[in-house]
1. Looking only at segment 398-413, filter to residues that are touching a helix residue (DSSP H, G or I) at 6+ places or on another chain (Cβ under 6 Å) and not in a loop (DSSP other than H, G, I, E, B); which one of those is farthest from residue 350 (Cα to Cα)?
2. Name the residues in segment 220-251 that are at pLDDT 85 or above and farther than 14 Å from residue 155 by Cβ, would you?
3. In the set 65, 74, 83, which member is in contact with a helix residue (DSSP H, G or I) (Cβ under 7 Å, 6 or more places away or on another chain), in the same structural domain as residue 25 (by TED's automatic domain parsing), farther than 30 Å from residue 337 by Cα and modelled with pLDDT of 75 or more?
4. Could you tell me how many of the residues in segment 449-501 are surrounded by 21 or more Cβ atoms within 10 Å (Cβ to Cβ), over 30 Å from residue 317 (Cα atoms) and in contact with a strand residue (DSSP E or B) (Cβ under 6 Å, 6 or more places away or on another chain)?
5. Under 8 Å by Cβ, and 6 or more places apart or on different chains, what pairs join a residue from segment 430-441 that is on the phi > 0 side of the Ramachandran plot with one that is at pLDDT below 90 and part of a loop (DSSP other than H, G, I, E, B)?
6. Can you name every one of the helices (runs of 4 or more DSSP H) wholly within segment 97-180 that holds 3 or more residues which are assigned by TED's automatic domain parsing to the domain that holds residue 217, modelled with pLDDT of 80 or more and at positive phi?
7. When you go through 320, 336, 342 one by one, which is the residue that is within 26 Å of the chain's Cα centre (by Cα) and surrounded by fewer than 19 Cβ atoms within 10 Å (Cβ to Cβ)?
8. For the structure I just gave you, tell me whether residue 293 is part of a loop (DSSP other than H, G, I, E, B) and within 30 Å of residue 394 (Cα to Cα).
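The values are calculated or read from the model by the stated rules, or taken from the named source; none is laboratory data. Predicted, not measured: the structure shown is a model, and the values here were computed from it. Neighbour counts run over all protein chains shown; Cβ positions are idealised from the backbone, glycine included.
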């Protein structure tokens, strides 16, 4: 970006020189023709004028090309930085930032910044160089006109600042309305099956219309400000040119000023205000981008959900032999008040199967996020053996953990590609059989080569969950976390998934998070999470669990 601005500055200086040359040559041609010179005498000046006009056109093209290339580079870097921050450093989105807002900022918001980098910043260079060059060139020719230019020139920036303050507020309101529209529309799209099931589509259509009208009104308000501000800047520039023209005209009539000098100043006067008028127009064109830029920078400045070691990372212990320990863990969500976990302590021995039960909101999924290094405790420690998780690189920790969420995400691709997502060299059939998915996969039209996901073969919730379980098993990690894998399934599908979980090989540690104690049968231990802590009084062993549920 700095190189592009440097190139713009160089082009701006050259452009200012051509502006002065054009005015001087044009005034010379007119004055000499008025004095009776023939075509042969003014031909060199005319050819020079044609060359200058062609040069200015080429410079304008180059100016825009450099600006757009710089903008493309900056926007690409900014979008990648935002994606990395939200997907890599805060993948669980525990800070309460809506995904609709992030999508709006990453797509339309960043695109709106193109006008700022491609047009506004280059125009700032011209607005700084051209007026100074015009005044410096005019002063030796006509000091009075140069003085008028100096006196009237500040009017345009003053009006720009006054209008800019109001424009900034209106564009901020417009961006907020766009975020509300995007977020609500995304929520509606996600919830379409539920809305159809409860016949609430009409109500949401009315709500979308209401939010769209809010965005329309905000947009029209911003456009009104843009048009009115343009008129104000044009008025200020016109008054300045008129004052120069009147004084030059009077002195030309009285014979106090030479014709060529007067024409040079008159031609240069509009060029003095033109870059500032264009700067005002580009400011409004880039106002949307500047409004969203503040929010993007705030998102980029948010601390990462999980910190990486400052120096050399400690080697990650092998969880096949090292226990995983929650040591007096405290956690509070950044977007909520109060602690979700309050001194929770739990040890997962290598190869042990532990089930965690508890009511909704007790913090069970938070335990999974901590063990996946998607979040970091605000108090206490997460240990692998004697090694604090904070001293281990997050990627090295996650390489030994697999996860099956409540709702499986199936990407567009073949069944085999979905299973191999985290393990490209895995034996998909072995993983599918272990997850109880092999039978239904072979019944698909193309078996493991069947395309599923968006636009592909539709899978039931139970099939998707078994596919997600196969994906987790394909990684063959020492620690497997199952976060309520049957929460959204019917009884038959839940029974199939539960049976697949019970038949898992005993070569890995399993943490099962569940509501239903019936699903915890076959676990080595069942512990309860309540009031932010594991309570010893509610812990039961595997043989007692079925009796409590009967």
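1. 404
2. Across segment 220-251, the qualifying residues are 245, 246, 247, 248, 249, 250, 251.
3. Numbers: 65 fails: in contact with a helix residue (DSSP H, G or I) (Cβ under 7 Å, 6 or more places away or on another chain); 83 fails: farther than 30 Å from residue 337 by Cα.
Of 65, 74, 83, the one residue that is in contact with a helix residue (DSSP H, G or I) (Cβ under 7 Å, 6 or more places away or on another chain), in the same structural domain as residue 25 (by TED's automatic domain parsing), farther than 30 Å from residue 337 by Cα and modelled with pLDDT of 75 or more is 74.
4. 1
5. Partner pairs satisfying both residue conditions: 436/503.
6. Passing ranges: none, list empty.
7. Details: 320 fails: within 26 Å of the chain's Cα centre (by Cα); 342 fails: within 26 Å of the chain's Cα centre (by Cα).
The unique qualifying residue is 336.
8. Values: part of a loop (DSSP other than H, G, I, E, B): no; within 30 Å of residue 394 (Cα to Cα): yes.
It is false that residue 293 is part of a loop (DSSP other than H, G, I, E, B) and within 30 Å of residue 394 (Cα to Cα).
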